[in-house]
Amino acid sequence: MARPRPEPVQVVKQRRDAALRALVDGVPYIRFLDISFDRRGDELTGVLNFDDKLIGNPFLPAIHGGVTAAFLEVTAVITLSWEHMFPRIESGEIDGETIVTDKSIRFPKTIDFTVDYLRSGLPRDAYARAFISRSGRRYASVRVEAWQDNHAKLFAQASGHFLMPQPPKDKS
Amino acid sequence: MVDKTVLARQFIEAIPHARALNLTLTHIGEGEAEITLPYNEDLIGDPRTGVIHGGAISTILDTCCGAAVMSHPSAPGGTATIDLRIDYMRAATPGQTITARATCYHITRNVAFVRATAVDIDKDLPVATAAGSFTVEGN
């Protein structure tokens, strides 16, 4: 039997990009820090768009350590959510409309998060990528890297544990 | 003598990102610091619940730890975070001010060790705790 024709590329891109945009733009704190996400296939890169209000040390100047931690945590949570929701986005069960309004869709909750500060964050854009070391039914372990001009020279790295959203209990 | 608390408050409150979050230094001295973060809808991490994002909690804890290091009698000057671990105990109650309290419990010529706790109105049940090491600069 012939396999069904693949979906047109525009349909696939539109569905995935709309869901990702809704997921990211729906969170006020992500908008406050002006973090956006680039998607290449299933790989997400967080982008921290520099602004003077992110400065923590006006003398150097350098990005606030708390902003760096927040950027890495946002990248970890969005990457984990994306991975977790992806099958339901592909099946059409959740879309850009429902992703931030549907009460049954929850974000993974941070249990702990540890940040290593390797260099000071320069007053320009920063990038981050999260790697899911393990994602089980209840817990996930994630590692995140952040860099600025040169990907080989990380300015921060982090690792953390997350509690995954639990499916609603079957009452029958 | 100029009040060290006033100087420290001006210093912390001059940090652009501390201003963006409306952080207020409420206590400082002898390796201890207390900072408050008022509730702000821009900091919401989950639009369904209105709970503040963990990243904002990290920022107040990091700032508070840095202030505690700088206020230590043996600290000659500035500081930078080497590493910071945060444990999230529970969601902060929407609408409530977060208060972070940090103690620099040990300091050497090069490194300062700090612990901190963040609470909301319920002071007995921490929202988050932090433990970190910081550089000691200006020797």
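In table form, for the structure just shown:
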{"quantity": "Fluctuation leader among B:T26, B:T117, B:T103 - chain B, Gaussian network, Cα springs under 10 angstrom", "calculated": "B:T26"}
{"quantity": "Separation of the A:R88 and B:T135 label points, Cα + 7 Å toward Cβ, nm", "calculated": "4.4 nm"}
{"quantity": "Whether the protein assembly as shown is rounded, prolate or oblate, judged on the alpha carbon gyration tensor where a/c under 1.5 counts as rounded", "calculated": "prolate"}
{"quantity": "Mean separation of Cα contacts under 8 Å, 6 or more apart, over the residue count of chain B: relative contact order %", "calculated": "23 percent"}
{"quantity": "Tilt relative to chain A, helix A:65-90 - C-alpha long axis, 0 to 90 degrees, to 10", "calculated": "10 degrees"}
{"quantity": "Helix-only mean residue ellipticity at 222 nm for chain B, each DSSP H run of n ≥ 4 adding -39500 (n - 2.57), per residue, nearest 500", "calculated": "-7000 deg cm²/dmol"}
{"quantity": "Segments A:16-23, B:107-114, B:66-73, B:126-133 sorted - mean Cβ within 10 Å per residue, highest first", "calculated": "B:66-73, B:126-133, A:16-23, B:107-114"}
{"quantity": "Euclidean distance of C-alpha centroids, the stretch B:107-127 and the stretch B:31-89, integer Å", "calculated": "9 Å"}
{"quantity": "Packing-based order for A:159-167, B:6-14, using average beta carbon neighbours within 10 Å, highest first", "calculated": "A:159-167, B:6-14"}
{"quantity": "Proxy reagent accessibility, fewest Cβ within 10 Å first, across B:I82, B:I98", "calculated": "B:I82, B:I98"}
{"quantity": "Cβ-Cβ FRET estimate between A:R5 and B:T93, R0 fixed at 51 Å, reported to 0.05", "calculated": "0.45"}
{"quantity": "Kirkwood Rh in Å, taken over all unlike Cα pairs in the stretch A:55-172", "calculated": "15.7 Å"}
{"quantity": "Principal-axis tilt of helix B:54-71 within chain B, Cα atoms, nearest 10 degrees", "calculated": "20 degrees"}
{"quantity": "In nm, spacing of pseudo-spin labels at A:I111 and B:T49 (7 Å Cα→C-beta vector)", "calculated": "1.6 nm"}
{"quantity": "Alpha carbon centroid spacing (whole Å) that separates the stretch A:10-67 from the stretch A:98-118", "calculated": "14 Å"}
{"quantity": "Helix axis angle, A:9-25 relative to chain A longest principal axis, alpha carbon, degrees", "calculated": "50 degrees"}
{"quantity": "Residue among A:E93, A:E73, A:E43 with the largest mean-square fluctuation in a Gaussian network model of chain A, springs linking Cα atoms under 10 Å", "calculated": "A:E93"}
{"quantity": "Highest-fluctuation residue, A:F107, A:F59, A:F131 considered, GNM on chain A with Cα pairs under 10 Å", "calculated": "A:F59"}
{"quantity": "Chain A - mean residue ellipticity at 222 nm from DSSP helices (-39,500 (n - 2.57) per run, n ≥ 4, rounded to 500)", "calculated": "-9500 deg cm²/dmol"}
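Here, each number is a calculation from the coordinates, and none is a lab measurement. Since this is a predicted model, take the numbers as computed values, not measurements. Cβ: placed from backbone, ideal geometry, glycine included. Neighbour counts: every protein chain shown.
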